[in-house]
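A.B. asks: I am attaching a structure below and will ask some questions about it afterwards.
The values are calculated or read from the model by the stated rules, or taken from the named source; none is laboratory data. Keep in mind that this is a model prediction, so the values were computed, not measured. Cβ sites come from the backbone with ideal geometry, for glycine too, and all protein chains shown count toward neighbours.
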Amino acid sequence: MLYSSLLDSVGGTPLVGLPTLSPSADVRLWAKLEDQNPTGSIKDRAASRMLLEAEKDGRLTPGCTILEPTSGNTGISLAMVAKLRGYRMVCVMPENTSVERRQLLAMWGAEIIDSPAAGGSNEAVRVAKGIAEEHPDWVMLYQYGNPANALAHYDGTGPEILADLPTVTHVVAGLGTTGTLMGIGRFFREAKPDVRIIAAEPRYGELVYGLRNLDEGFVPELYDETLIDARFSVGPRDAVRRTRELLESEGIFAGISTGAILHAALAQAAKCVKAEQPADIAFVVCDGGWKYLSTGAYEGSLDEAEERLEGQLWA
Amino acid sequence: MAVEVRSPTILRNYTGGAKAVDGSGDTLAEVIDSVESDHPGIKDRLIEEGDLRRFINVYVNDEDVRFIGGLTAAVGDGDSVVILPAVAGG
């Protein structure tokens, strides 16, 4: 395939069958390999779309500084696009994120401002909003509320899945900013409304939920619960177990959040088998495992891996 | 029906510091009422105007109750109920 630039090559990822993990010939699992995007994650779609839309509507002008709260992947994608388009990139990132993410951000030229581990991404959002007030000339693309985030999946990820797998019955993806599922969900509600949209969200250790009061809770502005049909919370033990299974059975080396998504996809597959209901279940592989090697998720026993992930933002 | 209800750190001032408390009932609403009778005050932190508060997520066996009937979600013997504040991902 020929593209005129790296940015033009974002998306168009393979959808591969999982012959070993699929429970039967009638209930099949399919993995959408988003790790095959330029910086290795699904966030290249949202980041490039948000940035290009901001250029189009005039919010971003040459020499601008972009600011974004991110636990990693969005920042890495934005840093890559910002570098190519000539912007300075500043990320606000919780300090309990893996070292590889920091190395990659630095490699693409982003500056990192740490936010406290307690409170996770909530804190990163709060800190970033404060910095944005101090620097009114900086542009915060704000992935949690930017419609271009969901639009990238409404125009890209959703239609790609349907084109490759017209018999699709379920789509399972991760819930963070909610952009992926809002875009995919809205697309299928219009194009093939009987497709069930299933969300898997990571359940972290207690540190991450350590809000001072409940009013500090956060629901992304993009989130519209009518666009999904079920939502599952998946802890690190199940996520790591499934990440390892995916590698062991199908040879796919994915990040830990993908394990959480696969866990929800396999639960759905089991329900379909029980109900004797044929199903083609597509799920998103958000990124590869490379950025999480230092977390220890891929070595030792599950108990050890679970312990090492305690308090970390692993998704 | 006996169920385990796991409380987030921020609500443990109501549970005497306990991470998990026992509840009973056939629906989430009944379970919350049973927890309230042992730990007065907690219900008001979870429910507002007859519905779950916006920044509270409750899961029965890891499934978000908002998609399985909300406060009327069925709860069975041995199920796990997890309460978490809504936080940002991404």
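A.B. asks: Touching a residue at least 40 places away in the same chain (Cβ under 8 Å) and either in contact with a His (Cβ under 8 Å, 6 or more places away or on another chain) or among the aliphatic types (A, V, I, L, M) (or both), is that true of A:ALA199?
C.D. replies: Numbers: touching a residue at least 40 places away in the same chain (Cβ under 8 Å): yes; either in contact with a His (Cβ under 8 Å, 6 or more places away or on another chain) or among the aliphatic types (A, V, I, L, M) (or both): yes.
Against the criterion (touching a residue at least 40 places away in the same chain (Cβ under 8 Å) and either in contact with a His (Cβ under 8 Å, 6 or more places away or on another chain) or among the aliphatic types (A, V, I, L, M) (or both)), A:ALA199 qualifies.
A.B. asks: For the range A:193-214, which positions are modelled with pLDDT under 80 and among the charged types (D, E, K, R)?
C.D. replies: A:ARG212
A.B. asks: Inside the range A:1-37, can you point out the residues that are β-branched (Val, Ile, Thr) and touching a Leu at 6+ places or on another chain (Cβ under 6 Å)?
C.D. replies: Of the residues in the range A:1-37, the ones β-branched (Val, Ile, Thr) are A:10, A:13, A:16, A:20, A:27.
Matches in the range A:1-37: A:THR13 only.
A.B. asks: Does A:SER4 count as surrounded by fewer than 18 Cβ atoms within 10 Å (Cβ to Cβ) and hydroxyl-bearing (Ser, Thr, Tyr)? Even if it seems obvious, please write down each step before you answer.
C.D. replies: Numbers: surrounded by fewer than 18 Cβ atoms within 10 Å (Cβ to Cβ): yes; hydroxyl-bearing (Ser, Thr, Tyr): yes.
It is true that A:SER4 is surrounded by fewer than 18 Cβ atoms within 10 Å (Cβ to Cβ) and hydroxyl-bearing (Ser, Thr, Tyr).
A.B. asks: When the range A:196-221 is examined, which residues are found to be of a type outside the set (D, E, K, R), assigned to a loop (DSSP other than H, G, I, E, B) and either buried (at least 22 other Cβ atoms within 10 Å of the Cβ) or at the interface with chain B (Cβ under 10 Å from one of its Cβ atoms) (or both)? Walk me through it before giving the result.
C.D. replies: Filtering the range A:196-221 down to residues of a type outside the set (D, E, K, R) leaves A:197-200, A:202, A:204-205, A:207-211, A:213-214, A:217-220.
Filter again for assigned to a loop (DSSP other than H, G, I, E, B), leaving A:204-205, A:210-211, A:213, A:217-220.
Selection gives A:TYR204, A:GLY210, A:LEU211, A:ASN213, A:GLY217, A:PHE218, A:VAL219, A:PRO220.
For every residue, the table says whether it meets (1) closer than 14 Å to B:ASP64 by Cα; (2) touching a Gly at 6+ places or on another chain (Cβ under 8 Å).
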| residue | (1), (2) |
| --- | --- |
| A:ILE184 | no, yes |
| A:ASP194 | no, no |
| A:ILE198 | yes, no |
| A:GLY205 | no, yes |
| A:GLU221 | no, yes |
| A:GLU225 | yes, no |
| A:ALA230 | yes, no |
| A:ALA239 | no, yes |
| A:LEU246 | no, yes |
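A.B. asks: Count, please, the residues in the range B:54-90 that happen to be at the interface with chain A (Cβ under 7 Å from one of its Cβ atoms) and either over 30 Å from A:GLN143 (Cβ atoms) or basic (Lys, Arg) (or both).
C.D. replies: 2
A.B. asks: Look at A:ARG244 and say whether it is basic (Lys, Arg) and free of Cβ contacts under 8 Å to residues at least 40 places away in the same chain. Break it down into steps so the answer makes sense when it comes.
C.D. replies: Details: basic (Lys, Arg): yes; free of Cβ contacts under 8 Å to residues at least 40 places away in the same chain: no.
Judged against the criteria, A:ARG244 is not a match.
A.B. asks: Kindly evaluate A:GLU190 against the criterion of being modelled with pLDDT of 80 or more and more than 11 Å from chain B (Cβ to nearest Cβ).
C.D. replies: Working: modelled with pLDDT of 80 or more: yes; more than 11 Å from chain B (Cβ to nearest Cβ): yes.
Judged against the criteria, A:GLU190 is a match.
A.B. asks: State all residues of the range B:49-62 that are outside any loop (DSSP other than H, G, I, E, B) and farther than 17 Å from A:VAL219 by Cα; if no residue qualifies, say none. Talk me through it step by step, then tell me what you get.
C.D. replies: Narrowing the range B:49-62 to residues outside any loop (DSSP other than H, G, I, E, B): B:51-52, B:56-60.
Answer for the range B:49-62, where residues must be outside any loop (DSSP other than H, G, I, E, B) and farther than 17 Å from A:VAL219 by Cα: just B:VAL60.
A.B. asks: Filtering the range A:92-106 down to residues that are without any contact (Cβ under 8 Å) to a residue 24 or more places away in the chain and of a type outside the set (S, T, N, Q), which residue is surrounded by the most Cβ atoms within 10 Å (Cβ to Cβ)? Let's see the steps before the verdict.
C.D. replies: Within the range A:92-106, the first condition is being without any contact (Cβ under 8 Å) to a residue 24 or more places away in the chain, and the residues that meet it are A:95, A:102-103, A:106.
The next check asks that each one be of a type outside the set (S, T, N, Q); those that pass are A:95, A:102, A:106.
Numbers: A:GLU95: 14, A:ARG102: 20, A:ALA106: 12.
Taking the candidates together, the pick is A:ARG102.
A.B. asks: Is it true that some residue in the range A:76-83 is surrounded by 23 or more Cβ atoms within 10 Å (Cβ to Cβ), over 18 Å from the mean Cα position of the chain (by Cα), within 26 Å of A:VAL219 (Cβ to Cβ) and modelled with pLDDT of 95 or more?
C.D. replies: Taking the range A:76-83 and keeping what is surrounded by 23 or more Cβ atoms within 10 Å (Cβ to Cβ), we get A:76-82.
Now restrict to residues that are over 18 Å from the mean Cα position of the chain (by Cα): A:82.
Still in the list and also within 26 Å of A:VAL219 (Cβ to Cβ): none.
No, that holds for no residue.
A.B. asks: In this structure, is A:SER98 of a type in the set (Ser, Thr, Tyr), within 20 Å of the chain's Cα centre (by Cα) and over 25 Å from A:GLY183 (Cα atoms)? Walk me through how you get there before you give the answer.
C.D. replies: Working: of a type in the set (Ser, Thr, Tyr): yes; within 20 Å of the chain's Cα centre (by Cα): yes; over 25 Å from A:GLY183 (Cα atoms): yes.
When the stated conditions are applied, A:SER98 passes them.
A.B. asks: Another question about this same structure. Within the range B:35-44, track down each residue that is buried (at least 19 other Cβ atoms within 10 Å of the Cβ) and part of a helix (DSSP H, G or I). I'd like the intermediate steps shown before the answer.
C.D. replies: First, the residues of the range B:35-44 that are buried (at least 19 other Cβ atoms within 10 Å of the Cβ): B:35, B:39, B:42.
Answer for the range B:35-44, where residues must be buried (at least 19 other Cβ atoms within 10 Å of the Cβ) and part of a helix (DSSP H, G or I): B:VAL35, B:ILE42.
A.B. asks: Please determine, by comparing only the residues of the range A:222-265 that are of a type in the set (Asp, Glu) and part of a loop (DSSP other than H, G, I, E, B), which one is farthest from the other protein chains (Cβ to nearest Cβ).
C.D. replies: Keep residues of the range A:222-265 that are of a type in the set (Asp, Glu), which gives A:224-225, A:229, A:238, A:245, A:248, A:250.
Restricting the remaining residues to those that are part of a loop (DSSP other than H, G, I, E, B) gives A:224, A:229.
On the way: A:ASP224: 12, A:ASP229: 7 Å.
My answer is A:ASP224.
A.B. asks: Within the range A:149-158, can one find any residue that is within 12 Å of chain B (Cβ to nearest Cβ) and of a type in the set (Phe, Trp, Tyr)? So that I can check it myself, show each step before the final result.
C.D. replies: First, the residues of the range A:149-158 that are within 12 Å of chain B (Cβ to nearest Cβ): A:149.
So of that shortlist, the ones also of a type in the set (Phe, Trp, Tyr) come out as none.
Checked the range A:149-158: no residue is within 12 Å of chain B (Cβ to nearest Cβ) and of a type in the set (Phe, Trp, Tyr).
A.B. asks: Restricting attention to the range B:1-30, which residues are assigned to a strand (DSSP E or B) and within 14 Å of another protein chain (Cβ to nearest Cβ)?
C.D. replies: Narrowing the range B:1-30 to residues assigned to a strand (DSSP E or B): B:2-6, B:20-24, B:27.
Hits for the range B:1-30 are B:ARG6, B:ALA20.
A.B. asks: In addition: Return yes or no: is A:THR177 part of a helix (DSSP H, G or I), surrounded by 23 or more Cβ atoms within 10 Å (Cβ to Cβ) and under 15 Å from the mean Cα position of the chain (by Cα)?
C.D. replies: Values: part of a helix (DSSP H, G or I): no; surrounded by 23 or more Cβ atoms within 10 Å (Cβ to Cβ): yes; under 15 Å from the mean Cα position of the chain (by Cα): yes.
No; evaluated as a whole, the condition is false for this residue.
A.B. asks: Starting from the range A:115-141, keep only residues that are more than 10 Å from chain B (Cβ to nearest Cβ), then list their pairs with residues that are hydroxyl-bearing (Ser, Thr, Tyr) whose Cβ atoms are within a distance under 8 Å, requiring at least 6 positions of separation or different chains.
C.D. replies: Cβ pairs passing all conditions: A:VAL127/A:SER115; A:ALA128/A:SER115; A:HIS135/A:THR65; A:ASP137/A:THR65; A:TRP138/A:THR65; A:VAL139/A:THR65.
A.B. asks: Of all residues in the range B:1-48, how many are within 17 Å of A:GLU216 (Cα to Cα) and aliphatic (A, V, I, L, M)?
C.D. replies: 4
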